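For reference, the structure discussed in these notes is given below.
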Amino acid sequence: MSWNDATRRAVDARLAVAREPRFFAAREWQVLNRLCGRILPQPVDRPAVPIAALIDSKMRRMGDAGTRIEPMPWDGEAWRLALTALDGHGFMNLDDTDADALLTRMQHGALASDAWSRVPPALFFAKRLLPDIVEAYYGHPTAWSEIGFGGPASPRGYVRMDTNRRDPWEATEARDEPEAALRANRHVR
């Protein structure tokens, strides 16, 4: 892979993210790790993508900046409130089936307690929880390998943006492709 220096630094930073909390408190960190594991379980035959660590790093970097989805507070505070609210529902003590049922209730906005007063559960689930977890996972080089993404195209860029078109520097998929399609892809500029 031929990346420029800026791209290499960005990829290296994702690979070197701290595996301990720097933004979240210890209990919030425990809840976040379990939450990430319930939302996006990972294969056990390879190193896990450190989803919670990537979210922690993002919240730490953003501080009081970043985004704010009305009526919730800034992202970092919204995450803290939601993790505390989940913990208040006994999330850490539930078996996986009951934890998933609790998350489904959260998704549908069916959790009611004072802990959710500033962070509506369905809104947080749809606009913060899922996007942040998915972004953290698929923004990591381990996931790129899993889905066959060659990584950032910097500095050369992607040129062939049509369906089933591959730039010359991109790896081919492991599945068999018709020879004619391979030839056509190699010679089209």
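Test D45 against the stated conditions and say whether it is surrounded by fewer than 16 Cβ atoms within 10 Å (Cβ to Cβ), over 29 Å from A10 (Cβ atoms), without any contact (Cβ under 8 Å) to a residue 12 or more places away in the chain and of a type in the set (D, E). So D45 fails the test. None of A122, A112, A99, A85 is at pLDDT 95 or above and farther than 19 Å from R27 by Cβ except A122. Residues of the range 44-66 that are modelled with pLDDT of 90 or more and small (G, A, S): A48, A52, A53, S57.
Matching residues to (1) of a type in the set (A, V, I, L, M); (2) without any contact (Cβ under 8 Å) to a residue 24 or more places away in the chain:
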| position | (1), (2) |
| --- | --- |
| V49 | yes, no |
| A53 | yes, no |
| P73 | no, no |
| R80 | no, no |
| L94 | yes, yes |
| D98 | no, yes |
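Among A85, A122, A112, A101, which is of a type in the set (A, V, I, L, M) and surrounded by 17 or more Cβ atoms within 10 Å (Cβ to Cβ)? Full working, then the answer.
Values: A122 fails: surrounded by 17 or more Cβ atoms within 10 Å (Cβ to Cβ); A112 fails: surrounded by 17 or more Cβ atoms within 10 Å (Cβ to Cβ); A101 fails: surrounded by 17 or more Cβ atoms within 10 Å (Cβ to Cβ).
Answer to the check: A85.
For the range 1-41, the tally of residues that are part of a loop (DSSP other than H, G, I, E, B) and either free of Cβ contacts under 8 Å to residues at least 60 places away in the same chain or under 14 Å from W144 (Cβ atoms) (or both) stands at 13.
If you go through the range 91-118 and keep only what is of a type in the set (S, T, Y) and either in contact with a Lys or Arg (Cβ under 6 Å, 6 or more places away or on another chain) or part of a helix (DSSP H, G or I) (or both), you end up with T97, T104. Looking across the range 55-86, the residues that are among the small types (G, A, S) and more than 20 Å from A110 (Cβ to Cβ) come down to S57, G63, A65, G66, G76.
Taking the range 63-82 as the range and being basic (K, R) and either part of a helix (DSSP H, G or I) or crowded, with 19+ Cβ neighbours inside 10 Å (or both) as the test, only R80 passes.
The values are calculated or read from the model by the stated rules, or taken from the named source; none is laboratory data. Predicted, not measured: the structure shown is a model, and the values here were computed from it. For neighbour counting, all protein chains shown are included, and Cβ atoms are generated from backbone atoms with ideal geometry for every residue, glycine included.
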